[in-house]
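The values are calculated or read from the model by the stated rules, or taken from the named source; none is laboratory data. Keep in mind it's a predicted model, so treat the numbers as computed, not measured. Every residue, glycine as well, gets a Cβ built from its backbone with ideal geometry; the counts of neighbours run over all protein chains shown.
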Amino acid sequence: MYLVADIDVSICAEKSCKLCTQYCPEANTIQYSEEMGKSKGFKYGSAYVAVDRCKGCAQCVWVCDNMAKNNAIKMIMIDQLPLAAVTDNIRYDEKSTVAVLSNPMIVIGN
Amino acid sequence: MSLDYVKFSGGFEKFMPKEYRDMVEHGPFGKKISVSQMGSFKEILEEHPMCAGCAMTLFIRLAIIAFPNPEDTITVGTAGCGRLAISQAAIPFVYGNYGDQNGVASGLSRGLRLRFGDKPKDVVVIAGDGGTADIGFQQVLHSWFRKERFTTIMLDNEVYGNTGGQESGMTNRGAVLKMAPLGKKFEKMDMLQMAKVAGCAYVATVVPNNPRRVESVIKKAVLIAREVGSTYIQAYTSCNIEYAIPTDKVMEDAKNVENDRYQFTEYVSEEAKQYLAERYGYKEFLPKPAAPAAAIPNKA
C-alpha cells in the first residue's frame, strides 16, 4: 500500500484558497469542484485529489499547512480512503469539475 | 501548429481515450487560461515519469499553462530530466541531440517565419543546466549573439540529476555530490550576465515558489521573442534526489533558496518594454507621464 493525499472538504470549502492546485507537480491531480463544497452547504467549492495520479510527495500538505495555514490535507494509505475520485470519474464543466466518488480500491483493481 | 490539429478525426471520437476527449473539449487551446483556474480545466501536460515531488515538474507544468498561444507553440529540448515531462504534453516537442537544442530552435523559428510570415508561431527551448550552460553552451551563446527570436528556459537544478549527480557549471562552489565527492572547486557560472552581454532582450530568474510570477515571466518572454529578440529565463528547480531534500520540504527549500541566492530579477530592454506596452498593453512599461513635461523646458 502507499500514501495518497486526502483533502478535508469541510475545512477546504470554507477557505477555497486553491493553493494546492497550483503547487502540485502532477497535472490534473488536485482538481477543483464547486459542487463538492456547495452540495454540503458551504459557501465555496473544494479541492479534491484524483488518487490514480497522486504520487504521494506531500508537497500539497506543506503548502496547505505552512502557506495557506489551513491544515486541510493529510496523507492516508490508499486502502483506508473511504471514497475517492479517479480520473475516469471526473467530468469537466464550465468553471470547475464534477467527480463521482467511489471506493478507490475497486476502481483501481478493475 | 494550429487549432485544426486539436480536434477529432472524423468517426474516431468514440474510440479516443478519456484524456484525449477531455483535451479536445476542455483543454486550454484557443482560450485564455491562467494559473488561478488550475484544477478546473484539462491541462496540456499529462502523466509523466518524473520523480515524486520534483520542483522541475511543477515549473514545467506552470510554464506550459503560461504559454500565450499553446496551439502555436513548439518546444525544443535535449537530454536531461525535463524532457521526460515536456514530451508528455499535447504540444509538439523536438528532441535535439545533447547540446544542440538552440541550434535546432534557430532553424525551426526561421523556417516557421518563412512558412507562416507574420502569424506568430512560438519556439520555446526548455533544457537543463547541463544542456544550456555546459554541453550546449556554444550554441546557446551563438543563438543569443545572432538575436534569434525564441525563448530559452534553463531548468537549473544545479546538478546532472539524470546521470547520478555529477557537478555542472551551474553547481555552487563547494557543493559535494555523489559523483563529485571532493566538492566543486569553481564558482557557479553567471549565465544572467552572459545573456545580457550577448544582447538578450529579456532576462529573468524565477523560482516555482510563486506560480503567478512564473506565469507572468513566461508570457513576457514568449511575447518578446516573437519580434524583438532572444529571451532567457533561468529557473531554480531543485533536484530533491541528488540534494536529498524530503519531497514535502521541496517548496520550503525553494523559498529558502529564493531568499538566499535566487531572488527574482528581471531585465527588459528598452525596445522590449516599448513593444510590450504598445502591442500587448503592458501598463508597467508605458512611458512615464512626467517625461513629456520635462522635455518642454529643454525645447524652450
Selection from region A:44-67 of residues within 7 Å of another protein chain (Cβ to nearest Cβ) and assigned to a strand (DSSP E or B) yields A:Ala47
Scanning region B:220-245 residue by residue, those within 14 Å of chain A (Cβ to nearest Cβ) and touching a residue at least 12 places away in the same chain (Cβ under 8 Å) turn out to be B:Ala235, B:Thr237, B:Ser238, B:Cys239, B:Asn240, B:Ile241
Pairs returned, first residue in region B:56-77 that is away from chain A (no Cβ under 14 Å), second residue that is small (Gly, Ala, Ser) and buried (at least 24 other Cβ atoms within 10 Å of the Cβ), beta-carbon separation under 7 angstrom, 6 or more apart or interchain, are B:Val76/B:Ala105; B:Gly77/B:Ala127
| field | Test: B:Val124 is surrounded by fewer than 22 Cβ atoms within 10 Å (Cβ to Cβ) and assigned to a strand (DSSP E or B) | value | no
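For every residue, the table says whether it meets (1) crowded, with 16+ Cβ neighbours inside 10 Å; (2) within 30 Å of B:Asp134 (Cα to Cα); (3) at pLDDT 95 or above.
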residue	(1), (2), (3)
B:Phe15	no, no, no
B:Lys18	no, no, no
B:Glu25	no, no, no
B:Gly30	no, no, no
B:Ser40	yes, no, no
B:Ala63	yes, yes, yes
B:Ala66	yes, yes, yes
Return yes or no: is B:Val104 part of a helix (DSSP H, G or I), away from chain A (no Cβ under 12 Å) and free of Cβ contacts under 8 Å to residues at least 60 places away in the same chain?
yes
Within region B:110-152, the residues that are among the aliphatic types (A, V, I, L, M) and either more than 13 Å from B:Ile74 (Cα to Cα) or in contact with a Lys or Arg (Cβ under 6 Å, 6 or more places away or on another chain) (or both) are B:Leu112, B:Leu114, B:Ala127, B:Ala133, B:Ile135, B:Val140, B:Leu141
From the option list B:Gly39, B:Gly10, B:Gly30, single residue qualifying as under 26 Å from B:Leu223 (Cα atoms), more than 14 Å from chain A (Cβ to nearest Cβ) and in a loop (DSSP other than H, G, I, E, B) is B:Gly30
Those residues of region B:78-91 which are away from chain A (no Cβ under 14 Å) and hydrophobic (A, V, I, L, M, F, W, C) amount to B:Ala79
Residues of region B:157-214 being farther than 30 Å from A:Lys18 by Cβ and among the aromatic types (Phe, Trp, Tyr), in sequence order, are B:Tyr160, B:Phe186
Within region B:250-270, the count of residues that are of a type in the set (S, T, N, Q) and within 14 Å of chain A (Cβ to nearest Cβ) comes to 1
Taking the conditions exactly as written (over 13 Å from the mean Cα position of the chain (by Cα), part of a helix (DSSP H, G or I) and surrounded by 21 or more Cβ atoms within 10 Å (Cβ to Cβ)), does B:Val250 satisfy them or not? yes
Going by the structure shown, is B:Tyr232 under 20 Å from the mean Cα position of the chain (by Cα), crowded, with 22+ Cβ neighbours inside 10 Å and over 30 Å from A:Ile73 (Cα atoms)? yes
Among (1) at pLDDT 95 or above; (2) in contact with a His (Cβ under 9 Å, 6 or more places away or on another chain), B:Gln88 falls short only on (1)
Checking A:Lys95, A:Lys69 in turn, the sole residue that is farther than 15 Å from A:Ile11 by Cα, among the basic types (Lys, Arg) and exposed (fewer than 15 other Cβ atoms within 10 Å of the Cβ) turns out to be A:Lys95
